[in-house]
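Notes follow the structure.
The values are calculated or read from the model by the stated rules, or taken from the named source; none is laboratory data. Owing to the predicted nature of the structure, the values given are computational and were not obtained by experimental measurement. Methodologically, a virtual Cβ is constructed for each residue, glycine included, from the backbone with ideal geometry; neighbour enumeration extends over all protein chains shown. The area values use the complete protein model at the heavy-atom level, side chains included, leaving out ligands, DNA and RNA. Shrake-Rupley method; radii C 1.70, N 1.55, O 1.52, S 1.80 Å.
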Amino acid sequence: MQQEHIAVEMLGITKRFPGIVANDSISFKVGKGEIHALLGENGAGKSTLMNILFGLYQPDEGEIRINGRSVQIADPKTAIELGIGMIHQHFMLVESYTVVQNIILGTEPKKGLSIDYSRAEHKVRELSERYGLQVEPGQLIGDISVGMQQRVEILKTLYRGADILIFDEPTAVLTPQEIQDLMAIMKNMVNEGKTIILITHKLKEIMAVCDGVTIIRRGKVIDSVSVRETSPDELASKMVGRQVSFAVDKKEANPQEAILKLHRVTALDNRGIPALKQLSLELRRGEILGIAGVEGNGQRELIEVLTGLRRVQSGEIRLHGKPVHNATPRQIAESRVGYIPEDRQKRGLVLDFTVSENSVLKSYYFPDFRRHTFLDYDKMSRHANRLIREFDIRTPSEHTPARALSGGNQQKIIIAREVDGDPDVLIATQPTRGLDVGAIEFIHKKLVEQRDKGKAVLLYSLELDEIMNLSDRIAVMYEGTIVGIVDPRTTDEQQIGLMMSGSAVRQGEEST
Ligand SMILES: Nc1ncnc2c1ncn2[C@@H]1O[C@H](COP(=O)(O)OP(=O)(O)O)[C@@H](O)[C@H]1O
Ligand SMILES: [Mg+2]
């Protein structure tokens with residue numbers, strides 16, 4: 001790369017935090033008009049490096065060059081003046097403000113003494129159109145989807161004149177459709193001369209839109225390669241430091257009797273509109289049944305009626321022949337149903353509790369962990385340490401609060417707790433969302449292990465790849481019913497995609 005074509009160059013950047021070198025002499029460069037990926041597992045040091053580029057942290061050593069000029073980036077204000085913008089993982093928007101109000105916050109254009117909203121709105125509209133963002137400037141942030149909120153963050157950086165945009169794991173919060181849209185928007189931006197640094201651990205995204213990729217592992221650069229000259233397999237092994245398999249390694253399933261049966265179940269959504277319509281389904285021991293569908297077709301309500309979080313209007317759910325519809329979540333958990341919830345931070349864990357406390361969150365009222373009326377902390381510690389070993393939970397100790405762990409390790413606590421309760425039925429909802437390859441591989445292995453122990457596993461995921469790879473049968477949901485049940489070995493994504501959109505129906509094996 002010729003010097004004048006380089007937008008960003010970081011040279012020998014080192015950043016130490018107490019007990020860890022988050023960035024260890026990192027050097028890499030990004031060409032102008034390029035989409036460059038920073039690839040690495042959770043905790044590799046990607047966000048730290050980009051927080052340095054955006055002036056949020058100061059490096060202990062190293063040099064930064066922007067458009068060939070050596071610069072000191074003391075704070076985000078300096079970064080913005082240098083044409084750098086950052087779209088963070090967690091948005092910093094005011095819910096009760098409109099799109100425009102959020103975008104101009106802190107840089108309000110004045111007309112006399114008052115704020116010139118119409119000028120701002122005009123500019124926002126123009127930017128939105130140029131990059132295909134389709135943002136409506138007058139809407140309240142609280143009223144728009146997460147995907148749209150992210151676009152407001154993008155507009156905010158463009159409004160401030162950013163030429164270099166940093167995206168920190170932007171697709172973790174998006175649906176597959178929204179991810180495709182974002183990729184198109186990124187392409188528009190580079191076509192207009194912008195430079196993008198994309199932090200991700202998703203290889204598919206890198207292969208789809210990036211030009212170059214720098215792989216970081218444990219704070220060090222492992223390699224910088226051109227996307228044209230690499231493959232997902234190569235990237236994965238560089239990221240993780242060993243060979244990884246995408247194909248889930250599993251034997252033929254040995255399904256047995258159905259233990260969970262839904263018969264003509266009807267339920268309403270939060271707005272009182274039917275979300276499940278006469279839905280019938282059976283889950284057998286020794287199988288992984290995948291639930292596929294476009295988000296919003298009743299999958300969430302299905303999981304909620306199964307876990308006691310939503311009432312059934314009519315129909316019945318039987319577990320081991322016993323009716324459990326409208327039982328409480330605790331009654332259901334006590335009927336040997338394990339549940340890996342979709343929102344691990346809100347529903348799966350108490351973030352301020354320790355790993356040890358979280359690992360007994362559901363069983364603390366059992367006699368095992370009680371000494372008279374008190375909790376038996378020694379016993380809890382021993383229990384937690386066993387789970388930490390068996391489930392490879394990377395934590396400084398069992399006394400560390402869950403909040404301090406990476407997403408993958410937080411998820412391992414939940415899985416350890418739910419699987420260790422020895423459930424007959426395991427309900428896993430989006431179990432690997434936002435996790436890195438290593439953690440995904442581990443969790444997939446655990447789910448297959450449960451299946452092979454004769455448990456009935458229900459898997460809900462929006463990642464069709466994951467459903468295809470793991471499931472023994474796939475039930476496709478559309479508008480509140482199961483439109484068909486297919487065998488992943490004899491069907492393809494195309495066929496399932498058609499069923500998901502309601503335009504093809506395949507007769508299921510269970511015609512109840
Ligand atoms: N403000 C901080 N204080 C202490 N340690 C931190 C801080 N920020 C990040 N770390 C640590 O630095 C390492 C790299 O973190 P991070 O840059 O967030 O990784 P990534 O974005 O690749 O997941 C991790 O071990 C993390 O715990
Ligand atoms: Mg990060």
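Data overview
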{"read-out": "Theoretical FRET efficiency, 1/(1+(r/R0)^6), r = Cβ-Cβ of Leu361 and Glu126, R0 45 Å, to 0.05", "value": "0.35"}
{"read-out": "Local electrostatic count, Arg125, Cβ distance below 15 Å [Lys/Arg +1, Asp/Glu -1]", "value": "0"}
{"read-out": "Helix 146-159 axis, angle to the chain major axis (alpha carbon atoms, nearest 10°)", "value": "0"}
{"read-out": "With Cα atoms, 0 to 90° folded angle of helix 117-130 axis to the chain main axis", "value": "70"}
{"read-out": "Extended-chain gain in nm, criterion 0.36 nm per residue less alpha-carbon gap, Asn188 and Gln494", "value": "107.4 nm"}
{"read-out": "Probe 1.4 Å, accessible area per residue of the stretch 1-103, Å²", "value": "45"}
{"read-out": "Magnitude of the charge dipole, the chain, Cβ model with Lys/Arg +1 and Asp/Glu -1, debye to 20", "value": "920"}
{"read-out": "Electrostatic dipole magnitude of the stretch 262-302 [Cβ: Lys, Arg +1; Asp, Glu -1; Cα centre; debye, to 20]", "value": "120"}
{"read-out": "Highest to lowest packing among 32-40, 347-355, 91-99, 453-461, scored as the average C-beta count within 10 Å", "value": "32-40, 453-461, 347-355, 91-99"}
{"read-out": "Stretch gain in nm, segment Leu140-Glu234, where the contour uses 0.36 nm per residue and the Cα spacing is subtracted", "value": "29.4 nm"}
{"read-out": "Helix-only mean residue ellipticity at 222 nm for the chain, each DSSP H run of n ≥ 4 adding -39500 (n - 2.57), per residue, nearest 500", "value": "-9000 deg cm²/dmol"}
{"read-out": "Subset of Lys202/Lys346; Lys238/Lys346; Lys187/Lys412; Lys46/Lys156 violating a 26 Å alpha-carbon distance limit", "value": "Lys238/Lys346; Lys187/Lys412"}
{"read-out": "Sum of side-chain charges, Ile222 neighbourhood, beta-carbon under 14 Å (Lys, Arg +1; Asp, Glu -1)", "value": "+2"}
{"read-out": "Residues of type lysines that Lys261 reaches as a straight line, Cα spacing below 19 Å, ignoring anything fewer than 8 places off in the same chain", "value": "Lys277, Lys322, Lys455"}
{"read-out": "Net dipole in debye of the stretch 1-72 [+1 Lys, Arg Cβ; -1 Asp, Glu Cβ; about Cα centre; nearest 20]", "value": "120"}
{"read-out": "Cα point-scatterer Debye curve for the chain, base-10 log of I(q)/I(0) at q = 0.08, 0.09, 0.12 Å⁻¹", "value": "-0.58, -0.73, -1.21"}
